[in-house]
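**Q** First, the structure itself, so that you have it in front of you.
Each value in this text was obtained by applying a stated rule to the coordinates, not by laboratory testing. All figures in this text were calculated on a predicted structure; none of them were measured in a lab. When we count neighbours, we look across all protein chains shown, and the Cβ atoms used for this are built from the backbone with ideal geometry, even at glycine.
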């Protein structure tokens, strides 16, 4: 297992402050990391994936490099995926993406930009799909119903705002031009 800290990556499907739900049931925490193909972190990630596969399945495992850094191990699931091949959204053009997740029992730690524990205001302002993060992961091999390499989400540092990918706005943004007026507490005047 290799530890890797990604710096300044864009997040999508961000479920780190609250767990993801499927069919009404909480399933865990996680996020998708979107990384430009020319980012110098990509070769390090590819090496960590190869090392984790060899550690779990033996040094003679066949890893194919299919150009532009696309890695394949026949019959295995790998975390690094090609946005140009698998996604149609503009944000994935010339990018790779990977999913990092952790369990309900062991959620990731979240720090704000000043390296303090993130509070609700930090989460509202900097924790959304489209924002930028520093992300600590463990890259490890797995062998259960399927075989492959995955990313465990350790900790996240909120880095910077970005254009929202989910097209939502915060409540504070929606009502930034509204001010409390005298008499707002008296509903009889409405």
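**Q** Tell me, what is the FRET efficiency for residue 57 and residue 90 to the nearest 0.05, using R0 = 30 angstrom and their Cβ-Cβ distance as r? Could you put the intermediate results ahead of the total?
**A** Working: r = 36 Å, r/R0 = 1.21.
After rounding, the FRET efficiency stands at 0.25.
**Q** Same structure, new question: Please arrange 164, 20 by counting, for each residue, the other beta carbons lying within 10 Å of its beta carbon, fewest first. Mind showing how you got there, number by number?
**A** Values: 164 14, 20 17.
Least crowded to most crowded, the residues run 164, 20.
**Q** Now for a separate question. Find how many whole Å separate the alpha carbon centroid of the range 1-67 from the alpha carbon centroid of the range 75-104.
**A** Cα centroid of the range 75-104 versus Cα centroid of the range 1-67: 8 Å apart.
**Q** Of the DSSP beta bridges with both residues in the chain, give the percent that are antiparallel, rounding to the nearest 5.
**A** Values: 39 of 45 bridges.
Within the chain, antiparallel bridges account for around 85 percent of the total.
**Q** Further, regarding this structure: For the chain, what's the relative contact order in percent, using C-alpha pairs closer than 8 Å and at least 6 residues apart?
**A** Working: 355 pairs, mean separation 52.1, N = 190.
Result for the chain is 27 percent.
**Q** Oh, and also: Taking 8 Å as the Cα distance limit and 6 or more residues as the minimum spacing, I'd like the relative contact order of the range 1-79 as a percentage. The partial results should precede the final answer.
**A** On the way: 73 pairs, mean separation 18.4, N = 79.
Reported as a whole number, the value is 23 percent.
**Q** For the pair residue 1 and residue 13, how long in nm is the line joining their label points, each one 7 Å along Cα→Cβ?
**A** Placing both labels 7 Å beyond Cα along the Cβ direction yields 2.2 nm.
**Q** Quick check on the chain: helices-only [θ] at 222 nm, where DSSP H runs of length 4 and up contribute -39,500 (n - 2.57) each and the sum goes over total residues. Nearest 500, please.
**A** Details: 4 runs with 32 residues, N = 190.
Value at 222 nm, helices only: -4500 deg cm²/dmol.
**Q** For 9, 169, 49, what ranking results if the residue with the fewest other Cβ atoms within 10 Å of its Cβ goes first? Mind showing how you got there, number by number?
**A** On the way: 9 22, 169 12, 49 27.
The order, fewest Cβ neighbours first, is 169, 9, 49.
**Q** Now for a different question. What spacing in nm lies between the two simple spin-label points modelled at residue 114 and residue 173, each 7 Å away from Cα in the Cβ direction?
**A** Inter-label distance under the simple model: 2.3 nm.
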